[in-house]
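A short worksheet on the structure shown next.
The values are calculated or read from the model by the stated rules, or taken from the named source; none is laboratory data. Since this is a predicted model, take the numbers as computed values, not measurements. All Cβ positions, even for glycine, are placed from backbone atoms using ideal geometry, and neighbour counts span all protein chains on display. Note: accessible area is taken over every heavy atom of the protein model, side chains too, but ligands, DNA and RNA are not part of it. Shrake-Rupley method; radii C 1.70, N 1.55, O 1.52, S 1.80 Å.
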Amino acid sequence: MSKSKKRFNWKSLLTLLTFLALAGTVYALRAQIGETVRNLKDANLWLILLLVPIAATNHFMQAKMYQRVFRILGTRFRTKSMFRLSLELNFVNNVFPSAGVSGFSYLSLRMKDENISGGKTTLVQLMRFILLFVSFQVLLGIGLIFLALGGDANDFVILIAGSLATMLFIGTTFVSYIIGSEKRISSFMTFLTQVVNKVIHFVRPKHPETIKIDNVQRVFIDLHKNYMKIRSDFGQLKAPLLYALFANFAEVTAIFVVFAAFGTYVNPGAIIVAYAVANFAGILSVLPGGVGIYEALMTGVFTAAGVPAALSLPVVLAYRVVNISIQLPTGYYFYQKNLHSQEK
């Protein structure tokens with residue numbers, strides 16, 4: 001079989017899998033979509049339309065964040081290129097049920113033509129999560145202040161916010177500790193790869209080492225070396241962290257606007273806490289886009305903060321469905337465009 005024929009088959013297969021994943025996401029959201037369509041008749045559609053520029057602002061901020069992290073590591077990209085990348089990664093992470101792992105793999109493949117190593121792309125994506133998590137903690141502090149001023153800071157909501165902030169801090173510290181030493185990251189990833197291989201070996205007895213340990217070690221040693229460039233001057237992360245904070249703020253603003261579209265004012269602190277909890281759980285979920293878990297947790301936090309479920313549930317569903325409807329088609333377009341460009 002010719003090389004071009006193999007490429008064609010690979011591209012066709014990936015396109016088919018992507019389409020099926022997208023169809024699966026729409027199917028999983030079918031109940032929410034139907035409910036949202038019914039609820040939108042009671043909303044101010046002009047305010048709902050504001051979600052378009054808000055979503056664009058969110059991805060612009062994430063694009064600048066990616067751009068600055070890549071620049072710290074010695075690679076320069078145009079903002080337009082990173083804006084497209086942000087939309088593509090959003091699409092991949094939403095439609096492929098992998099708890100966010102798909103984004104790491106896709107970014108590595110996406111940057112092969114740029115001669116950027118897997119270790120560097122893995123670090124960039126890891127820094128994206130760390131920066132967003134750190135800015136979550138800033139937002140949580142602001143949210144608790146708003147809740148206290150509004151008299152809505154009950155013990156349960158404070159416990160949720162405090163627990164989440166603690167987990168984020170411990171997680172960020174643990175990751176920094178592991179990748180800060182070549183010996184630690186090599187040992188940790190070797191152990192993790194061996195565990196994964198044993199699980200795969202149970203399903204595929206003829207393949208004792210599906211994931212090559214040597215390859216994994218090379219990637220993560222490269223990640224460590226690139227991380228040391230960042231660690232040499234953490235002051236370089238001020239701008240990326242600020243962009244991450246603005247990206248999260250844009251999402252919080254979107255939820256606030258949807259509440260306003262339904263004619264209701266909600267304490268911004270409740271929105272911040274609900275958003276942080278739902279996103280953290282959504283990242284850990286293996287379901288497409290964290291569907292079900294995201295909506296349930298966000299509604300639950302709103303209820304704990306004194307927002308009736310009868311009000312918060314339609315708003316959360318509208319926010320999720322409209323936001324996904326805005327972002328996934330554009331992400332899918334750029335994803336497919338990049339896939340086809342790699343075959344030329």
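Summary of computed values
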{"item": "Residue that is farthest from the chain's Cα centre (by Cα) [pool: residues in segment 47-78 that are open to solvent by less than 40 Å² (accessible area, probe 1.4 Å) and of a type in the set (Ser, Thr, Tyr)]", "result": "THR75"}
{"item": "Contacts under 8 angstrom Cβ, first residue in segment 101-122 being in contact (Cβ under 8 Å) with a residue 60 or more places away in the chain, partner open to solvent by less than 20 Å² (accessible area, probe 1.4 Å) and not in a helix (DSSP H, G or I), 6 or more apart", "result": "LYS120/LEU73; LYS120/MET111"}
{"item": "Candidate set: segment 165-188, residues that are open to solvent by less than 50 Å² (accessible area, probe 1.4 Å) and touching a helix residue (DSSP H, G or I) at 6+ places or on another chain (Cβ under 6 Å); chosen: the one nearest to PRO268 (Cα to Cα)", "result": "ALA165"}
{"item": "Meets criteria (open to solvent by less than 40 Å² (accessible area, probe 1.4 Å), out of contact with any Leu (no Cβ under 7 Å at 6 or more places or on another chain) and at pLDDT 90 or above) for LEU126", "result": "no"}
{"item": "Residue that is hydrophobic (A, V, I, L, M, F, W, C) and touching a Phe, Trp or Tyr at 6+ places or on another chain (Cβ under 8 Å), where the choices are VAL134, VAL124", "result": "VAL124"}
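This table checks each residue for (1) touching a strand residue (DSSP E or B) at 6+ places or on another chain (Cβ under 9 Å); (2) under 24 Å from GLY300 (Cα atoms); (3) at pLDDT below 75; (4) open to solvent by less than 30 Å² (accessible area, probe 1.4 Å).
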site: ILE142; (1), (2), (3), (4): no, yes, no, no
site: PHE146; (1), (2), (3), (4): no, yes, no, no
site: GLY150; (1), (2), (3), (4): no, yes, yes, no
site: ASN154; (1), (2), (3), (4): no, yes, yes, no
site: THR190; (1), (2), (3), (4): no, no, no, yes
site: MET228; (1), (2), (3), (4): no, no, no, no
site: PHE234; (1), (2), (3), (4): no, no, no, no
site: ASN248; (1), (2), (3), (4): no, yes, no, yes
